[in-house]
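Reading through the structure tokens given below for one structure.
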Amino acid sequence: MAITAIKEKKTKAPVTIKMAKKDLAAGYNRYKKFGKTQYTGMQIGRGHHWHYDEGDWKETKITPDLWEISYAVNKRRVGHAPENSGVPVGTEYQWYIISHQHVKKLNANDYATEMTGLKFKLAHKRADKDAWNAKAPTQRKHLVQFLKDFIAQLEKEPIPLEFEYEGKAYKGEGIPISETCTADVCYEVDITLNDENLGIIRCAKSGWKMDRVEQGLIDAIGNEIFLYFE
């Protein structure tokens, strides 16, 4: 009887469990809400990471402090987009960028440069269309409102920052990004310490995050912001 039982188990068809494959594209393309605005694409709070090819930057001095710039380059995604997600090839965008550029001269011909800031979408053109979704006067109107909101943000009382980290004294301020503020708490803040802009700190589920700043200093800045809003 024991041998028969074993043979019966061996001849039995194996049980297979089919796992449902997560449809990442569906999540990307579904409609979402941000306040009263409906949108598709990447969810608020998530981000892209790109590598830029060798670019072409040109600049012309207009006044002692004002320069005209132009820049052209291809950028490449780090990793891969979910299959069937995103806009069709040929889609175009127009953005307006406000940023801090930190430049350090390394030698006669080379400079290290970093940029942090914000970009605002003025218009897009679908791959199967010949026209932009917003006419030039409308784009200008949106840009004016964006700049007014940005100025109002700069004119508000900043978050005072003063602390020590690894034996060094830091003093500065944080400018809350108004679009990230809810119930008198702001989740992204533009940080300046010791008269140098460090970029934007953001509060994520896993803690405070910031690009190109060591985590210990990020945590110290985040703690000061937390105490301010407490």
Taking every C-alpha to C-alpha distance in the stretch 43-114 and binning by 5 Å from 0, the per-bin percentages run 3, 9, 13, 26, 18, 12, 9, 7, 3, 1
Residue span Asp219 to Glu92: 0.36 nm per residue of separation minus Cα-Cα distance leaves a gain in nm of 41.9 nm
Given a Förster distance of 45 Å, the FRET efficiency implied by the Cβ-Cβ spacing of Phe34 and Glu196, rounded to the nearest 0.05, works out to 0.90
In this structure, the FRET efficiency calculated for Tyr165 and His80 from their beta-carbon separation, with R0 = 35 Å, to the nearest 0.05, is 0.40
Along the dipole axis of the chain (charges at Cβ: +1 for Lys and Arg, -1 for Asp and Glu; origin at the Cα centre), the most positive-end residue among Leu227, Leu154, Thr180 is Thr180
Projected onto the charge dipole of the chain (unit charges on the beta-carbon of Lys, Arg, Asp and Glu, signs +1, +1, -1, -1), the Cα from Val213, Ile200, Ser85 with the largest positive-side position is that of Ser85
Taking the dipole of the stretch 103-211 about the Cα centre (Lys, Arg +1; Asp, Glu -1; charges at Cβ), the one of Phe120, Val144, Trp132 that reaches farthest to the positive side is Trp132
The chain, Gaussian network, Cα under 10 Å: of Phe120, Phe34, Phe150, the residue fluctuating most is Phe34
With Cα springs under 10 Å, the Gaussian network model of the chain assigns the largest mean-square fluctuation among Ile44, Ile201, Ile218 to Ile44
Here the cysteines of the chain lacking a cysteine partner under 4.7 Å (Cβ to Cβ) are Cys203
If every Lys and Arg gets +1 and every Asp and Glu gets -1 at its Cβ, then about the Cα centre the chain yields a dipole, in debye to the nearest 20, of 2060 debye
Cα pairs beyond 17 Å in the stretch 157-230, in percent, come to 35 percent
Mean 1/r over distinct Cα pairs of the chain, inverted to a Kirkwood Rh in Å, yields 22.3 Å
Scoring the chain by relative contact order with C-alpha pairs under 8 Å, at least six apart, yields a percentage of 9 percent
Which of Gly79, Gly117, Gly199 fluctuates most in a GNM of the chain (C-alpha springs under 10 Å)? That residue is Gly79
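Every number here is computed from the coordinates shown, using simple stated rules; none is lab data. The model shown is predicted, which means the values in this text are computed figures rather than measured ones. A quick note on method: Cβ atoms are made from the backbone with ideal geometry, for glycine too, and the neighbour counts reach across all protein chains shown.
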